[in-house]
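Taken together, the values in this text are just the output of simple stated rules run on the coordinates, not laboratory data. Treat the numbers as computed from the prediction; the structure is a model and nothing was measured. Don't worry about glycine lacking a Cβ; one is built from the backbone with ideal geometry, like all the others, and counts go over all protein chains shown.
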Amino acid sequence: MVPVLVASDVSESGSSLREPRFPYPGRFIVLEGIDGAGTTTQRERLAAWLAEQGYVVHCTAEPTSGPVGTLIRRLLSAQAEPFDPEAMALLFAADRRDHIAREIRPQLERGAIVISDRYVLSSLAYQTSAGVPRDLVWQANHGGSGLHEPDLTLFVQVPVAIAADRRAKRASAKEIYDDLPVQERVAAAYAREAEALAARGRDCRFIDGAGTPEQVETLLRAAIATILPALPSAIETGSA
């Protein structure tokens, strides 16, 4: 079982796992979690923190604002006509491929810290919870070439009841996955997939997301600090 990072686990220097290999000058960080986990809020908080330190930061999300992502957002509305779950899974995979080619990879090449609100883990959790075979979701995303694995995946775990209360307070339009039994299935699938991702040797951390935004941000900062590249000014100072 992958341990959950909680406030008592964080030292001033942060928690350090093995150093991964990075294929681009930038870093690709993904925030994952059920609806109401606070991933969108934390993406913005982390972006501000990183920018203050001097990093170039690019925030993004899935579904994207591209042509396929725009269609998906319409289909996710509880008011939309029912749509085949397997077709939805394929749309998410297509949107992700476009996202990588159009946005993620170019930003990493220029040295940006890319923070995405959701990525492949969300498809494995949500689409399988809707009854789509896992193999179909996996192959749609991992088959062929072009999938870029995150340098760090942060799974923000929140009890389903707390997440539901948060969603109710923000009064956003209802989506097809919002019902409590669906979110319970999604939460269980998310945990399984996050553990599977870590078991495959990818850098995936479990974050306790039940605290205040400030507490959760502290945990996330500690995890992210272990993979950040040195800023040019720090390199110059060190070599002087």
For the chain, modelled as a GNM with alpha-carbon contacts under 10 angstrom, which of Ser116, Ser145, Ser65 fluctuates the most?
Ser145
When the chain is treated as a Gaussian network with springs between alpha carbons less than 10 Å apart, the largest mean-square fluctuation among Phe83, Phe92, Phe206 is found at Phe83
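Express the relative contact order of the chain as a whole percentage, based on alpha carbon pairs under 8 Å and six or more residues apart in sequence. Mind dumping the intermediate values first?
Numbers: 364 pairs, mean separation 85.3, N = 240.
Relative contact order of the chain: 36 percent.
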Kindly put Asp84, Asp117 in sequence by how many other C-beta atoms sit within 10 Å of each C-beta, fewest to most.
Asp84, Asp117
What is the Å³ per residue value for the convex hull set by the Cα atoms of the stretch 60-166?
122 Å³
For the chain, what size does the Cα cloud have along each of its three principal axes, sorted from largest down, in whole Å?
63, 38, 32
When the chain is treated as a Gaussian network with springs between alpha carbons less than 10 Å apart, the largest mean-square fluctuation among Pro63, Pro150, Pro213 is found at Pro213
Using a cut-off of 12 Å between beta-carbons, work out the net charge of the residues near Arg200 (Lys and Arg +1, Asp and Glu -1, Arg200 not included).
-3
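Report the relative contact order of the stretch 123-213, percent, no decimals, based on alpha-carbon pairs under 8 angstrom and at least 6 residues apart. Mind showing how you got there, number by number?
Working: 69 pairs, mean separation 41.4, N = 91.
Relative contact order for the stretch 123-213 comes out at 46 percent.
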Mind pulling the angle between the C-alpha long axis of helix 180-199 and the longest principal axis of the chain? Nearest 10 degrees, somewhere in 0 to 90.
40 degrees
